[in-house]
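The values are calculated or read from the model by the stated rules, or taken from the named source; none is laboratory data. Since we're looking at a predicted model, the values are computed, not measured. Methodologically, a virtual Cβ is constructed for each residue, glycine included, from the backbone with ideal geometry; neighbour enumeration extends over all protein chains shown. Note: accessible area is taken over every heavy atom of the protein model, side chains too, but ligands, DNA and RNA are not part of it. Shrake-Rupley method; radii C 1.70, N 1.55, O 1.52, S 1.80 Å.
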Amino acid sequence: MDWSQAEDVAQAACGTTHTLFLTKEGKMYACGNNDHGQLGHDTETLPNKRPQLLVSLENYIITGVSCGTAHSLALTNWGQVFSWGSNAVGQLGHDTENGRQPTPRMIKAIGAKHVVQIASGQYHCLALTNNGELYAWGSNSYGQLGIGTTNEKVPIPTLVQSLAGVPIAFIACGGNHSFAVSKSGAIFGWGKNTFGQLGLNDLNSRCYPTQLRTLRSLGVRYISCGDDFSVFLTNEGGVFTCGAGTFGQLGHGSCSNEILPRKVFELMGSKITQIACGRRHTLAFVPSRGKIYGFGLSGVGQLGIGMLGNFNTPQIVRGPWFKTDFEPSGCDETQITVSRIFSGGDQCFVSVLGNEESADFRVYDARTQILSLSPEMGKELAKIEPDQTVELDLISSVETIFKSLACMNGSLLLPNDEHFCCTSKHHGVDMVAAEEAFDQIRKIERESIRQVIRDSIESDLLGALTPSPADVETLRIYLLLPLYHEFINPKHYQKLHTPFSQSVLKLSKNAYEIVVNWWATQSKEYFERMVENFKSVILYIINFKLPRVVGSTNKQEVRYDPHLATMLDIIAILYWVNHNRRTHKLPYEQFHINEIDDLVDIRQDYIRWTTDTNSVTFSLCNYPFIFNAAAKTLLLQTDQMLQMYQAMQSAATVNLFSMLCSPVPSAASQYIVLNVTRENIVQDTIRELSHYAASDLKKPIKIKFCGEEAEDAGGVRKEFFMLLLRDILDPKYGMFKSFDDSRTIWFTEDYFDSDDSMFALIGILCGLAIYNFTIIALPFPLALYKKLLGEEVNMQDLKDLAPMVANSMQNILDYDGSDLEEVFDLSFTITRDYFGEIQTIPLKPNGENIRLTQSNKQEFVQLYIDYVFNKSVEKSFRQFHAGFMRVCGGSVLKLFKAHELMSMVVGNEEYDWVALEENAEYKNGYKSSDQAIRWFWEVFHEMPLEEKKKFLLFLTGCDRIPIMGMKAIKIYIQPTPDDKFLPVAHTCFNLLDLPQYQTKEKLKYKLLQAIQQTQGFSLV
């Protein structure tokens, strides 16, 4: 081009009949048709055929230009937008009735915003601001503004609400359609679609942004549109086109339209870095060859290939940069390189340079992008001294970012485009960088900055969260916000924790699923911190916001509080995520709020909960995971009193609450007394229990062995349970099958005794053990308790019962060879030894004829597990369950998990020997500082684990510890004078008679001798 400024052109924008040039210094020139004032010259007399300077914009630095059919837009480095030219359908955004505006005028409506990108269609415009808002104005005849179709023309820039929160990276306009591309490559299109130019696989125009899902995984970076077609440039340098193909502008070798984006095959194998579209033609640049290709309409030579006509496959554009293959390139010094290509209307421009790199449209200029948070910005903020002056730019950036959902969702993403294609499995956030950035924010010393961040999050950011957001990318905020350090402070709960939690609880099903999936994949520290933060709010509310219980000094009454309910709901979600979705699970104890039974009257809460038949009352019992063992045991005792009270409440209506607080009622009705003989303990127990109604079984038991004097202070009861169980589990009854490799028992499949009451008896015993807080040695696996509580049994349960079998099943699941049938050679059956003969039982109808294959192996393993735990033991378990429910049929069971219920029955092995020593009491002259006592504990702590367990059995009658933990075992030690004797245990009272031995060695010898001789109870 023979024009003095041609060297300096940075951008060219082409309208239908006019062109704007922008120089590197930010000056604007215009030429072409000026019928509507679209050139923006002050005087009408300037010649139009040469580019003339726009004098009115001389004092501004222009960074972007865009042209419509007969209007023009310019963007300044301050983010202001000027418009001029035709205003027939409001495309200038000035809200005046003026049909034309011959000189540039600032668009006031978005004057206060900082715009970073502009785009124009024929008669409509888009502007993207630095806080991620997208504004649209002008013609809306096809819905191309994305704001619905209420108005044909919109003369004022209007926010495109439905893209709120999406971090937009690029915007583009076609003739009457629009596109926005998110940071991670989601494409939204809207407007005219009569030729399929939106690529949505149909021809219906859209008046709201609609996601183009087919291209999502390809990582589209740049879009250029003609009048009725669209061209997409992907991250790999591939080109896809769709829409009207009448003139060959899609480049597919035909003139048909495409309603789905289709790859231009002729351009495959070469990386494209730039694309540009005119009304009906397309250009593409291949830097490796230095060639530009064109296709589409060339009626006035707009393809630059030296021929007129239409071309439906890419043709080489002939220009001074074009090398023919046989020209020796070595001698040519003045090699011309393409810098950028521009196209629009029916004209094209190419800016060329000496030997620099040409532009790559796939790489965004930082100035065109919305603001985002980075660890570097965090560091910069943390460095600021408390009294240092702060740049206003920095403060306003911080405020913009923390107020904007879009900015936050586009922040702290994985490097090198790894964040592309955001899905429920891939959130794209660089969690390491995010932790670092929020860690720096925590260190900010300058109060005003801390305040700005907190206000922005509380006032704007949380308020912008919606139940059904536009896209997956808008959900990243739910990963980032919990990192904000103010979540640690429960005082802010009304402005921070509650709004955050409520927006999670209100999310639509899909969005909610995605958020919980993302949480499930986070590190243990992240997840633990979330749980702890919300727990601290629950404690804070209970401590400071609930009313005191009448007549109690320190306990609060549980009342409905919307914030408390929300916090408990969010913890319930985290609890569910932890146990159902996470691979690295937090222990159950992490969710316990240990202080709860000190702060709240949970017994009163429990009673309210059990009497509430239609479950509408707010109660902590609906969130049983917050109760620790102590609290649950207290509730069990409450339930026991409640049930007994209901059993005894026949005529007189006693006040329940007074009963909770009053001393013990009459003794007669207080206990179940069982008179049994040692010789015939099973039959006696069945007989004695049959005298009692189910409601009585909740009462504590007292045992009387015939002909023995011992008063039952607990020890006789322990012995009774031990003897009875040893008898029932005896192989002579054949009720249970024992598994040696796991040391557990399970119901026998073919127990054919006509008397089912034996299983019911064991069920009752199990229940009695719970209600009497006595640990019994019942070697069932966890699966039993899962079944009692209606939890699913799984592979882990098979491992607990029969590790060898489980191993074989796992081998089947893990084997992925195609020869599975030959290797395992199994059908859907199970074999068993039935009194010496081998029986084959089908796992499903016709199972013996169904072979085990790769496709059905999952089902086979499921059916196998189901057979072992459910089908084969249906009858006996039903009896056991009925017996158990006779005792434990109340609501209280809903509060327990299987492992807790198991601990209630058989105790656990979480020993804490130091606690045992700390809890010990000394009587009748012993003190903790006495030599004998000091020796005793030294000897005890030196013993191996097995010996310690034997000591526990010797002293308390049981070698496992109750659910409440070691602190629930209190032992007493008293001296006896004669040191010739062994130490003696009074099992009922956990009392040890320890003679005052003269040496540590003697003490050790005698103590070990005493423990070895024990088997069960020696009642002294």
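Here the chain exposes an accessible surface that is 51 percent carbon and sulfur, computed with a 1.4 Å probe and the other protein chains kept in place. Values of log10 I(q)/I(0) for the chain across q = 0.05, 0.08 Å⁻¹ run -0.52, -0.93, by the Debye formula with one identical scatterer at each alpha carbon and no solvent.
With Cα atoms defining each centre, the range 415-461 and the range 490-520 are spaced 16 Å apart in the structure. Place a point 7 Å from the Cα of Asn77 along the Cα-to-Cβ direction; which residues of the range 10-40 have their backbone N under 16 Å from it? Once the point is set 7 Å along Cα→Cβ of Asn77, 10-11, 22-28 turn out to lie under 16 Å by backbone N, inside the range 10-40. Here the calculated FRET efficiency for Glu921 and Glu859, from their Cβ-Cβ distance with R0 = 56 Å, stands at 0.45, rounded to the nearest 0.05. For the set Lys271/Lys291; Lys949/Lys970; Lys799/Lys950, the pairs lying more than 23 angstrom apart at their alpha carbons are Lys799/Lys950. Note on Lys875 and Glu385: the model spin-label points, each 7 Å out from Cα along the C-beta direction, lie 8.8 nm apart.
Phi angles of the range 403-408 translate, via the Karplus equation with coefficients 6.51, -1.76, 1.60 and θ = phi - 60°, into HN-Hα couplings of 8, 9, 5, 4, 4, 5 Hz per residue; Gly and Pro are given as x.
For the range 1-141, just say rounded, prolate or oblate: build the C-alpha gyration tensor, square-root its eigenvalues into a ≥ b ≥ c, call rounded for a/c under 1.5, and beyond that prolate if a/b exceeds b/c, oblate if not. Oblate, because a/c is 1.5 or more while a/b does not exceed b/c. Amide H to amide H, with H built 1.01 Å from N, Val116 comes under 5 Å of Leu128, Thr129, Asn130, counting only residues 5 or more places away or on other chains.
Between amide H atoms placed 1.01 Å from N, distances below 5 Å from Thr976 occur with Leu994, Gln996, all of them 5 or more places distant or on a separate chain. In this Cβ point-charge picture (+1 for Lys and Arg, -1 for Asp and Glu), the chain has a dipole of about 1540 debye about its Cα centre. Summarising the label geometry, the points placed 7 Å from Cα in the beta-carbon direction at Tyr588 and Ser818 lie 4.7 nm from one another.
Residues whose amide H falls under 5 Å from that of Val600, counting only those 5 or more places apart or on a different chain, are Gln556, with hydrogens built in the peptide plane. In this structure, the pairs whose alpha-carbon distance is over 20 Å, taken from Lys425/Lys857; Lys491/Lys545; Lys948/Lys1000; Lys24/Lys113, are Lys425/Lys857; Lys24/Lys113.
In summary, the aspartates and glutamates within cross-link reach of Lys585, defined as a Cα separation below 12 angstrom excluding same-chain residues under 8 places away, comprise Glu525, Glu528. Taken per residue, the accessible surface of the chain reaches 44 Å², heavy atoms only and a 1.4 Å probe.
Taking the DSSP bridge list for the range 909-1013 and keeping only pairs wholly inside it, about 30 percent are antiparallel. Extents of the range 909-1013, taken as max minus min of Cα coordinates on every principal axis and listed largest first, are 37, 26, 24 Å. Based on the Cβ-Cβ distance from Phe265 to Asp365, what FRET efficiency comes out when R0 is 35 Å, to the nearest 0.05? Step by step, r from the Cβ atoms, then E = 0.70. Roughly what % of DSSP beta bridges within the chain run antiparallel, to the nearest 5? The answer is about 90 percent antiparallel. Taking 0.36 nm per residue of separation and subtracting the Cα-Cα distance, full extension of the segment from Asn201 to Ala713 would add 176.2 nm.
Here Lys506 is the anchor, and the lysines within straight C-alpha reach of less than 18 Å, apart from those fewer than 8 places off in the same chain, are Lys495.
Given the C-alpha centroids of the range 100-137 and the range 1-63, what is the distance between them in whole angstrom? Taking the Cα centre of each part, the range 100-137 and the range 1-63 sit 19 Å apart. Computed across the range 153-281, the Kirkwood hydrodynamic radius from all distinct Cα-Cα pairs reaches 14.6 Å. In this simple spin-label approximation, Arg687 and Val616 carry label points 7 Å from Cα along the Cα→Cβ vector, and these lie 5.3 nm apart. For the range 787-793, the Karplus equation 6.51 cos²θ - 1.76 cosθ + 1.60, evaluated at θ = phi - 60°, returns couplings of 5, 4, 9, x, 8, 6, 8 Hz by residue, with Gly and Pro reported as x. In order along the range 492-497, the Karplus-derived 3J(HN,Hα) couplings, from 6.51 cos²θ - 1.76 cosθ + 1.60 at θ = phi - 60°, round to 7, 4, 5, 9, 10, 5 Hz, and Gly and Pro are given as x.
Heavy-atom accessible surface of Trp321, to the nearest 10 Å², is about 30 Å², with a 1.4 Å probe and all protein chains retained. Taking a straight line from the alpha carbon of Lys699, these lysines sit under 21 Å away, with near neighbours fewer than eight places off in the same chain left out: Lys632, Lys718, Lys894. From its DSSP helices (H runs of at least four residues, each -39,500 (n - 2.57)), the chain gives a residue-normalised ellipticity at 222 nm of -9000 deg cm²/dmol. Answer with one residue from Leu945, Trp935, Val914: the one whose Cα lies farthest towards the positive end of the charge dipole of the range 909-1013, charges on Cβ with Lys, Arg +1 and Asp, Glu -1. About the Cα centre, the residue reaching furthest to the positive side is Trp935.
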